[in-house]
Amino acid sequence: MASSTAAAAQAATPLLKDELDIVIPTIRNLDFLEMWRPFFQPYHLIIVQDGDPKKTIRVPEGFDYELYNRDDINRILGPRASCISFKDSACRCFGYMVSKKKYIYTIDDDCFVSFFPPFHPSINFASVRSVSVKVAKDPSGKDINALEQHIKNLLSPSTPFFFNTLYDPYRDGADFVRGYPFSLREGAPTAVSHGLWLNIPDYDAPTQLVKPLERNSRYVDAVMTIPKGTLFPMCGMNLAFDRDLIGPAMYFGLMGDGQPIGRYDDMWAGWCTKVITDHLGLGVKTGLPYIWHSKASNPFVNLKKEYNGIFWQEELIPFFQSASLPKEADTVQKCYLELAKQVRAKLGKVDGYFNKLADSMVTWIEAWDQLNPPKGAVATANGTAKSK
């Protein structure tokens with residue numbers, strides 16, 4: 001039987017119930033959803049199955065979901081399916097494309113409700129419904145509802161143009177500090193909410209190897225806007241965004257099977273997204289909510305995936321730091337296609353992979369527009385759009 005706290009969380013009217021999809025990439029049964037049932041069950045799930053499409057993925061009863069495997073992706077996108085990664089969690093971005101909701105929350109299947117104190121890692125999630133479900137609490141004793149916090153982040157403005165030293169001024173108990181320009185206090189629309197993780201930190205392979213036992217137990221009760229002109233390493237395992245504002249930029253690149261790089265999918269999307277949000281006057285928040293990252297991936301496997309990226313990122317970061325978009329690029333699609341041109345022109349010299357990636361960026365936008373035709377247009381049989 002669920003605890004009264006969990007029951008209350010489920011009984012309350014969920015925020016944005018009909019306006020948000022939860023996207024989950026996976027290769028395994030989704031028993032982890034039992035832990036999230038009080039929070040996720042009211043929402044629609046989009047599950048993107050990676051790997052062998054013949055494998056059956058078990059989803060606990062009671063969830064409203066649609067599941068896509070590689071055969072489905074190939075059927076829906078046709079030749080344009082080449083832009084969707086295989087054998088890599090980057091495949092999650094297909095879920096962003098097929099969603100019809102305004103907001104997206106994406107989470108990895110090894111992430112759970114954050115606990116204080118943390119729950120024991122040997123817990124059997126498949127049996128959670130038969131035991132008392134404890135809802136996590138932050139250090140002040142308040143319940144942690146990660147999805148609700150993401151929604152609050154997205155529904156309140158960001159402050160990308162001037163840093164507020166009390167962090168997010170729109171949170172309860174906070175405000176703009178002395179000296180903050182009144183002309184900027186309306187803020188900017190928030191496009192992205194980037195959450196964090198307790199327990200297993202999101203480290204690269206070299207850091208994993210030198211700090212194999214390090215765990216993050218620090219809970220910082222803060223949300224802040226990443227300033228305009230500042231890049232950040234976006235992590236896709238606890239991430240929400242406004243699909244209408246920034247969706248076409250959330251392409252997780254070409255990673256995994258047949259590619260010379262992996263584990264840079266979310267960071268690539270984050271760098272592209274940050275350049276575009278800066279250009280369009282949108283905001284990106286980071287901080288709360290925390291989730292519990294339960295499983296440390298193999299650092300030796302990770303090193304093999306990251307090896308090229310560790311060298312290439314020394315070229316990638318200066319590229320994105322200096323990227324400039326023209327005034328004519330007034331939509332996310334136009335911005336992204338312009339970035340694709342610059343990737344080809346500048347990063348193609350670093351490695352031929354980036355020419356292939358630039359092609360896939362263009363294909364991604366074509367596929368996005370194929371499934372999401374502009375208002376007043378309908379999709380045709382060949383995947384193009386025409387006016388009504």
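The values are calculated or read from the model by the stated rules, or taken from the named source; none is laboratory data. Predicted model, so just to flag it, every value in this text is computed and none were measured. Cβ: placed from backbone, ideal geometry, glycine included. Neighbour counts: every protein chain shown. Remember, those area values only see protein heavy atoms, side chains included, never the ligands or the DNA or RNA. Shrake-Rupley method; radii C 1.70, N 1.55, O 1.52, S 1.80 Å.
May I ask you to give the solvent-accessible area per residue for the chain, in square angstrom, as obtained with a 1.4 angstrom probe?
Counting only protein heavy atoms, the per-residue value for the chain is 46 Å².
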Item to complete: Could you tell me what percent of the accessible area of the chain is made up of carbon and sulfur, with a 1.4 Å probe and every protein chain present?
Response: 54 percent
Item to complete: Add +1 for every Lys or Arg and -1 for every Asp or Glu among the other residues with Cβ under 14 Å from the Cβ of residue 361, and state the total.
Response: +1
Worksheet entry | residue 310-residue 143 FRET efficiency (beta carbon distance; Förster radius 41 Å; 0.05 resolution) | 0.55
Discussion item. Need the full-extension length gain, residue 244 to residue 110, defined as separation in residues times 0.36 nm minus the C-alpha distance. One decimal, nm.
Written reply: 45.5 nm
Practice prompt. Write out the trypsin sites (Lys or Arg not before Pro) in segment 5-110 meeting two conditions: DSSP loop, and at most 14 other Cβ atoms within 10 Å of their Cβ.
Written response: 17, 28, 54, 55, 58, 100
Worksheet item: For residue 230, what accessible area in Å² do you get when you roll a 1.4 Å probe over the heavy atoms of the protein chains, rounding to the nearest 10?
Response: 60 Å²
Worksheet, complete the sentence: When the charge dipole of the chain is computed with +1 on Lys and Arg Cβ and -1 on Asp and Glu Cβ about the Cα centre, the Cα farthest towards its positive end, among 98, 325, 45, belongs to 325
Item to complete: Determine, from the Cβ-Cβ distance of residue 28 and residue 375 and an R0 of 45 Å, the FRET efficiency 1/(1 + (r/R0)^6), rounded to the nearest 0.05.
Response: 0.75
Item to complete: Tell me the label-point distance for the pair residue 55, residue 184, using the 7 Å Cα-to-Cβ offset, in nm and rounded to one decimal.
Response: 4.8 nm
Discussion item. Exposed loop sites here are GluC sites (Glu not before Pro) in DSSP loop states with at most 11 other C-beta atoms within 10 Å. What is the longest stretch of the chain lacking them?
Written reply: 187-327
Worksheet, complete the sentence: Farthest towards the positive end of the dipole of the chain, among 182, 276, 150 and with Cβ unit charges of +1 on Lys and Arg and -1 on Asp and Glu, lies the Cα of 276
Practice prompt. With a/c under 1.5 counting as rounded, go ahead and sort the chain into rounded, prolate or oblate using the C-alpha gyration tensor (a ≥ b ≥ c being the square roots of the eigenvalues; past the cut-off, prolate if a/b is larger than b/c, else oblate).
Written response: rounded
Worksheet item: residue 217 to residue 298: FRET efficiency via 1/(1 + (r/R0)^6), r the Cβ-Cβ distance, R0 30 Å, to the nearest 0.05?
Response: 0.85
